[in-house]
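Quick one: structure below, then a few questions.
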Amino acid sequence: MTASIRDVARRAQVSVGTVSNVLNTPEKVSPETRERVQSVIAQLGYVRNDAARKLRNGQSHTIGLIVLNGTNPFFTEIAQGAQNRALESGYTVLVGTSNENVKRENTLLSLFAEQQVAGILVSPTGDDLSPLCHLKDGKTPVVLVDRGAANCAFSAVACDDIYGGEVAAEHLLGTGKRKIAFVGGPITSSQISDRWQGAAKAVLKVPDATLRMIETTALTVTEGKRIGQEIAKLPVEKRPDAVFAANDLVALGMLQSLVFAKDIRIPEDIAVIGYDDISYAEFAIVPLTTMRQPAEKIGATSVELLLNAIERPRDKTRQITLKPELVVRAST
Ligand code: RIB
């Protein structure tokens, strides 16, 4: 039988209200009483019941976070930043992975709503945000993560991926590359289409430069490796002289295939640039040049916006756009 807040109050010889203050507003309690109550909490193994608190004062201290892909370190870093900031305000984060599947994303949204979480952070899979609008109408605050909110209906935090794509392509062009392949997909994902759009803007400015799209089914190491093998099989004159991979996982797979192709030198024959700067990028078989996204900052900022929406629901939404940064390494 788990100890209740009344058991703690009785053992510590204080009121239930004092125990609640020690948990929620410890600064209001004298150090001597606070230490006595905290040691009784530890002795009895008392754990606060968030669901009961939600029923009593209508406020859960749990935030739901839905990321596109749980195996992509970019989203692990987002979750890390979100959790760090949430803990500062006494909240925790429950993470769900949509695996870029709309049905699974909607199931997670429903489950979080049933849990009556305080709010939801989501990196949406598709462009249909209507399920999120219903949530918002039902008074569950929602903030978009790693995605802009076109119609300002939601607060959002994302990087300017058009700018990022343009800087990535300009870097390749600046090293003398002229036949660039953009490798990534599905192109319906706004992050990917924005990066492509940015690269196209840069290539348009250089008369003898070309840009071709090699669409993948997903942004994974496996897909990058597959496309790298296809490129290595091409006759030399048909190969690109540079690859802009839509994210680092694709770039890492690409490097695996190209490095083991006997007649390809990186970057002399084919340069490779990625996107995100996940922790493995600098340790890749050829240290990877990439566009660094401030993933932890994106996570922390999205929590800031969500806490604001929770505490001041009538405030206007805010769309925050951060800039990715070019990190040059041996692969270009
Ligand atoms: O989810 C796919 C990609 O979009 C991630 O690698 C990251 O770049 C995000 O912005």
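Nothing in this text is a laboratory measurement; each read-out follows from the coordinates by a stated rule. Nothing here was measured: the structure is a model prediction, and the numbers come from that model. Note that each Cβ is placed from the backbone with ideal geometry, even for glycine, and that neighbours are counted across all protein chains shown.
Rg over Rh of segment 255-296, using C-alpha atoms and the Kirkwood radius, what does it come to?
1.04
Once amide H atoms are built 1.01 Å from N in the peptide plane, which residues 5 or more positions from LEU322, or in another chain, come under 5 Å H to H?
Placed amide hydrogens put ALA158, CYS159, ASP160 under 5 Å from LEU322.
Rounded to a whole number of µm²/s, how large is the Stokes-Einstein D of segment 161-292 at 25 °C and 0.890 mPa s, given Rh as the Kirkwood radius over C-alpha pairs? Could you put the intermediate results ahead of the total?
Values: Rh = 14.1 Å.
Using the Kirkwood radius from Cα pairs, D works out to 174 µm²/s.
Can you pull a Stokes-Einstein diffusion coefficient for the chain at 4 °C (1.567 mPa s), Rh from Kirkwood over Cα pairs, as a whole number of µm²/s?
Rounded to a whole number, D works out at 59 µm²/s.
Divide the volume of the convex hull of the Cα atoms of segment 185-238 by its number of residues and quote the answer in cubic angstrom per residue.
79 Å³
Dividing the convex hull volume of the Cα atoms of segment 142-215 by its residue count, what figure in Å³ per residue is obtained?
84 Å³
Amide H of VAL142 versus every other amide H placed in the peptide plane: which residues, excluding those fewer than 5 positions away on the same chain, fall under 5 Å?
Answer set, sorted by chain and number: ILE120.
Order 82-91, 67-76 from most to least packed using the mean count of other Cβ atoms within 10 Å.
Final packing ranking: 67-76, 82-91.
Right, next: Calculate one ³J(HN,Hα) per residue across segment 11-25 by plugging θ = phi - 60° into the Karplus curve 6.51 cos²θ - 1.76 cosθ + 1.60, and present them in order as whole Hz with x for glycine and proline.
5, 8, 6, 9, 7, 4, x, 5, 4, 4, 5, 4, 7, 9, 9
Over all alpha-carbon pairs in segment 1-138, figure out the percentage whose distance exceeds 21 Å.
Considering segment 1-138, 54 percent of its Cα-Cα pairs are separated by more than 21 Å.
Kindly rank 119-129, 186-196 from highest to lowest mean number of other beta carbons found within 10 Å of each residue.
119-129, 186-196
Something else: What residues have an amide H closer than 5 Å to that of ALA271, excluding those fewer than 5 places away on the same chain, when H is modeled at 1.01 Å from N in the peptide plane?
Distant-sequence amide H within range of ALA271: ALA242, VAL243.
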